[in-house]
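The values are calculated or read from the model by the stated rules, or taken from the named source; none is laboratory data. Everything numeric here is computed off the predicted structure, so don't read it as measured data. Every residue, glycine among them, receives a Cβ derived from its backbone with ideal geometry; neighbour counts consider all protein chains shown.
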Amino acid sequence: MASTQPPGGRAREARRPDRRELGRLGEEEAARYLQLQGLTVIERNWRCREGEIDIVALDDVGDCLVVVEVKTRRSELFGRAVEAVTPVKARRLRVLAARWLADHPVGTASVRIDVIGVLAPPGAPLSIEHLRDVA
């Protein structure tokens, strides 16, 4: 019988995505979800000295700029993904939103901070939790 082991003698296991890949997967799913909800994604992974905004979108219905923080987890063993956004993080998102608007005058009536939690358990379907106006 032929060996299924790669050179080095260790059998290959199905590779789980690393943290960065998991984050990218979550952001892709969150962007797709927002578009299905009628929002227009206008920027992703915007960075400045103070931090990063995962997704910037426009909600034309409410004439609102939406800054979205995406948290992705493999399980809820340590809590829901959206619980990872603390009040300190929410305040920082407000600062980032103001900084983004200073660099990109879009003329919206309001700004909203949302959090999207993506649960991506291995071998199971993804689920999305969307909290609106968290800060």
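Only one of ASP133, ASP114 is surrounded by 13 or more Cβ atoms within 10 Å (Cβ to Cβ), under 16 Å from GLN37 (Cβ atoms) and of a type in the set (D, E, K, R). Can you tell me which?
ASP114
Out of (1) surrounded by 12 or more Cβ atoms within 10 Å (Cβ to Cβ); (2) out of contact with any helix residue (DSSP H, G or I) (no Cβ under 7 Å at 6 or more places or on another chain); (3) touching a residue at least 24 places away in the same chain (Cβ under 8 Å), the odd one out for PRO122 is which?
Condition not satisfied by PRO122: (1).
Among the residues of segment 68-91, is there at least one that is at pLDDT 90 or above, among the charged types (D, E, K, R), under 21 Å from GLY26 (Cα atoms) and not in a strand (DSSP E or B)?
No, because not a single residue in segment 68-91 is at pLDDT 90 or above, among the charged types (D, E, K, R), under 21 Å from GLY26 (Cα atoms) and not in a strand (DSSP E or B).
I'm trying to understand the selection: among the residues of segment 38-67, which are touching a residue at least 24 places away in the same chain (Cβ under 8 Å), surrounded by fewer than 18 Cβ atoms within 10 Å (Cβ to Cβ) and assigned to a loop (DSSP other than H, G, I, E, B)?
GLU50, ASP63
Residue check: is THR72 in contact (Cβ under 8 Å) with a residue 24 or more places away in the chain, polar (S, T, N, Q) and surrounded by 20 or more Cβ atoms within 10 Å (Cβ to Cβ)? Can you show your working first?
Values: in contact (Cβ under 8 Å) with a residue 24 or more places away in the chain: yes; polar (S, T, N, Q): yes; surrounded by 20 or more Cβ atoms within 10 Å (Cβ to Cβ): yes.
In short, yes.
Quick test of your reading of the structure: ILE55 fulfils all but one of (1) under 16 Å from LEU131 (Cα atoms); (2) of a type in the set (Val, Ile, Thr); (3) more than 14 Å from the chain's Cα centre (by Cα). Name the failing condition by number.
Result: ILE55 fails condition (3) only.
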